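A short write-up of the structure that comes next.
The values are calculated or read from the model by the stated rules, or taken from the named source; none is laboratory data. The shown structure was predicted, so the numbers you read here are calculated from the model rather than taken from an experiment. Quick note on the areas: whole protein, heavy atoms, side chains included, nothing else; ligands and nucleic acids left out. Shrake-Rupley method; radii C 1.70, N 1.55, O 1.52, S 1.80 Å.
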Amino acid sequence: MRSRKSATMRTVDVARRAGCSVQQVRNLERDGVLPPATRTGTGYRVYDETHLRSALAYRALAAGAGPVEAKRIMRAAHAYPASDLLALLDAAHARLDTERRELGLAREAAATISGESIGDVRPSDVMSVSELAVALGVRPSALRHWDAEGLVVPRRASPGGARRYFPDDVRDARIVHQLRMAGHRVASLRALMPELRRTRRWDEVMTTLAARDASIDARSRALLDGAAALGALLPPVG
């Protein structure tokens, strides 16, 4: 870490400039996000520019990678270079990259699925749980969970019999799979899937995917801002 500057601040000063509460500043120090503050003879905390920069870096990192991961990164920053700081930052960027690529696949799949037509059903078109699980690349337990939640409800030869997925069921399963990868929660899909079955509201699906894209962009920018703030805390290279 770089040496601390001489200007000192009170807890309330750090809180005001970092955009958080006084208690949050104390909590961040307790959690190792801020380095330990010095104390006056009467026990009051004394902070400086390093504490403020640490708080600002944490806030940006939390927006980009989540508060738990942001705390890990900040604790590693205070132990730099004997830490895995750079590896943690790389991993955070990699997770966003994975989300972005999966979202692109979900968008492409939604566009393709929306244009599919369901024709006459042949016996060979009907799939079992295990066959559909392999085709989608998910576990059979995921399909059973979607059935229990009412997202993809296959037909059965008899009450309690084996699940049989007809082409329209397979299409629903593909939709759920792609939207789950894009970040849709089961609760929201419970409301969306019946509408898709009735009206094929693909505009809503694409709007949701676009919102997810914007969220990834915002988190990526926040992670970039957090890394820049960290750079001001670390010693120069060389």
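Could you run the Karplus curve 6.51 cos²θ - 1.76 cosθ + 1.60 with θ = phi - 60° over segment 87-101 and give me ³J(HN,Hα) per residue in whole Hz, x for Gly and Pro?
Listing the rounded values in order: 5, 5, 5, 4, 5, 5, 5, 5, 5, 5, 4, 4, 4, 5, 5 Hz.
What does the accessible area per residue of segment 1-110 come to in Å², with a 1.4 Å probe and no ligands, DNA or RNA counted? It would help to have the intermediate numbers written out before the result.
On the way: 5900 Å² over 110 residues.
I get 54 Å² per residue for this part.
How much accessible area does ASP203 have with a 1.4 Å probe, in Å² rounded to the nearest 10?
110
Given the -39500 (n - 2.57) contribution per DSSP H run of 4+ residues, what per-residue ellipticity at 222 nm results for the chain, rounded to the nearest 500 deg cm²/dmol? Let's see the in-between values first.
Values: 10 runs with 152 residues, N = 238.
Roughly -21000 deg cm²/dmol at 222 nm, from the helical runs in the chain.
Compute the long axis of helix 167-181 from its Cα atoms, compare it with the longest principal axis of the Cα atoms of the chain, and write down the angle in degrees, 0 to 90, nearest 10.
0
Which order do HIS177, HIS93 take when ranked by solvent-accessible area (1.4 Å probe, heavy atoms of all protein chains), largest first? Could you put the intermediate results ahead of the total?
On the way: HIS177 30, HIS93 75 Å².
From most accessible down to least: HIS93, HIS177.
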